[in-house]
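Before any comments, here is the structure.
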Amino acid sequence: MLLELLHKEFKESQTYESSKVKTILRWVGRVLVYGLIVFLEVFIFSKLEPKLKEFSSFGSYDFLILILFVMLIVSMISTTLRAREIFYKRIDSSIMLHLPINNDEIIFSKALFTYLNNVLTSAIITIPLLFTFGIKQGFESGITTKFYVFSVLYPFFSSFISTGLTLIILPLYNKAYNFIKPKPILQIALGSILVITLCILYNYVLNLFMTLVNDAKLDTLISGAFVEKLHKATKFFVPTYQLMDLGLGKVNVLQDIMISVGSSVIALVLGYFIATESYTNFLKGEFSSNESKTMKSSKILLQNPTKTLLKKEFVLIFRNSNYVFSYTSLLIMQPFLAFVVINSLNTLFYTNQQMFLHYYGEFINALNITLILLFSSIIASSTMDAYSREQKAIQIVKYIPISPLKQTICKMIIPFAFSSFSLILTLLVLAIGKQISVLAFFISLLAGLMLLLSLSVAGVYIDLAKLNENKKSNIEFLSTVLSIVLPLITFGLIFLFMYAQVSKALMYIIVILLYVITNVALILPFKKIINNSFIKMRI
Amino acid sequence: MANDSSLLKEKASKVLIIDDEEINREILANIIKDECECLFAKDGDEGLAILKKEAEDIDLVLLDLIMPKMDGIAFLKFKKENPEISEIPVIVLTSDKEKEVECLKLGAMDFIKKPFESSEVILARIMRIIEHYRANHITKKLDEIALEIDDVYKSYGKKEVLKGISLYVKKGEIYGFVGKNGVGKSTTIDAIVGLKDFNSGDIKIFGQSIKDDPVATKKLFGYVPSEPTAYELMTGKEFLEFIGSSYGMIQSSFDANYDFLKRKFDLPEADLNRKISEYSHGMKQKVCLMASLIHNPKLWVLDEPTVGLDIMVYEVLLRMLRDYAKAGNTIFITSHNIELVSAICDKVAIVNEGKIAVELDFKKEPYKRKDLKRVFFKVYGEGVENL
């Protein structure tokens, strides 16, 4: 039975694509991402190792323990995020509830599946790192075949404690998730904090990477005092330190076994107990009798039609899983992605293309503005489906007593507002991180907002034409084309003006004017087009 | 039986002449022939039968007082007691001054002296009363009409789907709109509720045209689509809140309707707090039914509401339809379920090839309820035994 339950959990965790090609592409994407992570960690560690030795003889070993400990936490966090779906999935629980399977068996299978998830994540990250360490240290430093066997087994050992910790924090995470879920502003705030943290982290890693690539000294990034403190702290990285001690056959075998086994057992037992309690409470809460549930009655508060339309659009975009990867998560990630790309390109140009920049002074500004516009417009293009996103419910739009004009404007406001917010956040992150000039900031802001408005209006026209009941047309590709072409035209214009040595001020005024003209041309027939096309929409 | 008339279309006036003497009938017919269409009866009995049958179309009765079987006085007494025909005006043809008071008491509007005076005077008297009656009658009827479809045409490219559909539904009526697949039922409903445009004609709901003022007209009806359609990402409550807010409802009115409908459709609060995507087909249909009635519409438009319903929800719907109509509201329903339509409807139209082929009025001819299935198959040229 346990195997069947594990198989069920595995099947549940898979995302099923509509075609084999998509499935293959998804797997290729995954392999590439993991490959990149493994490459980066192996590259950084192998480059870092001799430099760390310069600080102290145990420097590289301490850093290995630090990285392994951090990876243990990363693996635990990533498993916790996935474990919520394993433990608290309503549909799954409602099916399981009616099957003659003991609750203990269900919980055990879920905990075991969580453990296997942990092992897999940990294995991908730690095995290559341990192998690199082994190869770098060599036989002369006491690294034997036993160490490589240990390296393969390490994820299995370390995952006991991370699984235990996952099970302990899972109910808390689930509570926090349910608390944040209906609070979009809080979600955005947390997402923004996460993105800014990622930017800082990326900046640090990029600096480290560039230092290592240029074979420079690490003095600006790591100090001798830090290495000393780290050495003293490593023994508290339970159970990584103890496990590594065992793997390398160091002296305190019994103590290491006691600490690592003890901590793992405590975490696992406590975690299992908490998970059992939490799962049982979840079942009680979700599937108790209707009589007790009817007590929890909350009043429905009506809003004015405009507010309710905006709320509906918010639900259609932010609760739709189809938008997660194409819009909502990218919206939060946009500042980070823009920072990563612009930071890297700026670094490349400023270090290697000084001569080029001497002749084309505005090139960096133009490039930065174009990239910011491209990020914004490509992300925004996934919401250029104002009416298509209604799917079957498009008939509701047509029979409710609200004018087509009001409905369309409300449809445009939500994605426009969020895309604009993301654009402003991106610009602030870039400006605070000193990646863009003040001029680029303001031009990107003005052009970006107008570009988003043009795309919103054009998106509605394209969508209405696509949905026309009299003509079948597959023109949704136009949204993507527009979102790419408009920023590229901006770049082309600036480059052309630069080449023609037009003054900087005039150059940007013309660009902004062109955006204004585009918007006016698009908005003028808006009312007429909406009123004519609305009733002709296919249902 | 085919219904190709609209209430507001100008029709020729119809006059029923009841007189045992053929010469009188001919004289009167000749006087009014340019303005009116004539029907004839030889005595009160025959006249009463014609009047009952053609009550909707007859605008005036010219009645002789002295006739062999049922005389004029007896005719007026019967007419007065029968509410369906009591309002149709009568001009009495008489030479007896003494009976005039009695005739007036029994509802006669005017008198034409025998032997007949000048034809111009007679025609003027007749037309004055007809015009007065028609003006009052049409105003009254318009006030009584919940839905009027007037000569609606709709085509998709070259394919004509609706070829001049005309009908009207009176307030408080349950009107069934039946037909086999692809004959224009759903297109008609889509046109009524503003889901689809139509090429020509007009649709009025409580006198408001869906073409002229769609927003105001849409507030007047509740609509249940054939496939239960709601925002799957919302909870049941959120969807009802969306509908209530969209219709600009007052909070207290919404609260009262919400509690009432929740009880009627037996929807627990816990279920309404769940996402609609997790609902069964029946649950979704219940929420859609609730949404269609939450704003308290006076006209309920239902497109195939029984498809895929389990017996429990079906019974709830049936009860709801009856209660809703009992409260004086109007229902326009399409369904494949002939048993349901024949059981609950007051009028049924069978549509074929974009036109109304037959309209049955069960209030006038209740015995035809049982006949609906046979008539249905007859319209499509198939015998019941073949199915």
Per-residue Cβ neighbour rank within 10 angstrom, fewest leading, A:Lys146, B:Lys52, A:Lys528, B:Lys79
A:Lys528, A:Lys146, B:Lys52, B:Lys79
Dimensionless Rg/Rh of the protein assembly as shown, both radii on Cα and Rh by Kirkwood, sits at 1.15
If you count, for every residue in B:234-247, the Cβ atoms of partner chains within 10 Å of its Cβ, what is the mean?
6
Which pairs, out of B:Lys237/B:Lys298; B:Lys180/B:Lys219; B:Lys158/B:Lys298, put more than 27 Å between their alpha-carbon atoms?
B:Lys180/B:Lys219; B:Lys158/B:Lys298
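Tally the DSSP beta bridges in the protein assembly as shown and give the antiparallel ones as a percent, rounded to 5.
Of the beta bridges lying entirely in the protein assembly as shown, close to 40 percent run antiparallel.
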What FRET efficiency would be calculated for the residue pair B:Glu81, B:Glu365, taking the C-beta separation as r and a Förster radius of 22 Å, to the nearest 0.05?
0.55
Under 23 Å between alpha carbons, and skipping anything fewer than 8 positions from A:Lys504 in its own chain: which lysines qualify?
A:Lys434
Residues of type aspartates and glutamates that A:Lys51 reaches as a straight line, Cα spacing below 12 Å, ignoring anything fewer than 8 places off in the same chain:
A:Asp215, A:Asp219
Within 10 Å of each candidate Cβ there may be at most 16 other Cβ atoms; applying that plus a DSSP loop requirement, which GluC sites (Glu not before Pro) in segment A:1-55 survive?
A:Glu17
Normalising by the residue count of chain B, find the relative contact order in percent from Cα pairs under 8 Å and 6+ residues apart.
16 percent
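Below 8 Å between Cα atoms, with a sequence gap of 6+, how large is the relative contact order for segment A:308-534 in percent?
Values: 227 pairs, mean separation 65.6, N = 227.
It rounds to 29 percent for segment A:308-534.
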Given only helices, namely DSSP H runs of n ≥ 4 each adding -39500 (n - 2.57), what is the per-residue ellipticity at 222 nm of chain A, to the nearest 500 deg cm²/dmol?
-27000 deg cm²/dmol
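Provide the percentage of antiparallel DSSP beta bridges, counting only those with both residues in chain B; round to the nearest 5.
The antiparallel fraction comes to roughly 40 percent.
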What is the average number of partner chain Cβ atoms found within 10 Å of a Cβ in B:226-232?
4
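Given the rule -39500 (n - 2.57) for each run of at least 4 DSSP H residues, summed and divided by the residues of chain B, what is its mean residue ellipticity at 222 nm, to the nearest 500 deg cm²/dmol?
Counting only the DSSP helices, I get -11500 deg cm²/dmol.
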Does anyone have the angle between helix B:44-53 and the longest principal axis of chain B? Alpha-carbon axes, 0 to 90°, nearest 10?
20 degrees
Can you give me the relative contact order of chain A as a percent, contacts being Cα pairs under 8 Å and 6 or more apart?
14 percent
Using a simple spin-label model with points 7 Å from Cα along the Cα→Cβ vector, what separation in nm is obtained for A:Ala500 and A:Met1?
7.9 nm
State which entries of A:Lys466/B:Lys171; A:Lys312/B:Lys286; A:Lys466/B:Lys185; B:Lys52/B:Lys378; A:Lys22/A:Lys175 exceed 32 angstrom in Cα-Cα distance in the structure shown.
A:Lys466/B:Lys171; A:Lys22/A:Lys175
Tilt of helix B:72-81 relative to the longest C-alpha principal axis of chain B, in degrees (0 to 90, nearest 10)?
20 degrees
Ranked from fewest to most other Cβ atoms within 10 Å of their own Cβ, B:Asp59, B:Asp266, A:Asp92, B:Asp34 fall in the order B:Asp34, B:Asp266, A:Asp92, B:Asp59
C-alpha long axis of helix B:281-293 to longest principal axis of chain B, angle in °
50 degrees
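For A:Phe442 and A:Ile257, compute 0.36 nm times the residue count separating them, minus their Cα-Cα distance, and round to one decimal in nm.
Length gained between A:Phe442 and A:Ile257: 60.6 nm.
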Find which of A:Ile402, A:Leu208, A:Phe336 sits farthest along the positive direction of the dipole of the protein assembly as shown, computed with +1 on the beta-carbon of Lys and Arg, -1 on that of Asp and Glu, about the Cα centre.
A:Leu208
What are the membrane-span-like helices in chain A by this rule: whole DSSP H runs, Cα extent along the axis at least 18 Å, mean Kyte-Doolittle hydropathy at least 1.0?
A:59-87, A:184-213, A:329-352, A:363-381, A:404-432, A:438-467, A:477-499, A:504-523
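A:Ile101 to A:Asn470: extension gain in nm, 0.36 nm per residue of separation minus the Cα-Cα distance?
127.3 nm
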B:Lys211 paired with B:Lys163, simple spin-label distance in nm, labels 7 Å along Cα-to-beta-carbon
2.1 nm
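All of the numbers you see were taken from the coordinates with simple rules; none came from a lab. Please read all numbers here as calculations on a predicted model, not as lab measurements. Every residue, glycine among them, receives a Cβ derived from its backbone with ideal geometry; neighbour counts consider all protein chains shown.
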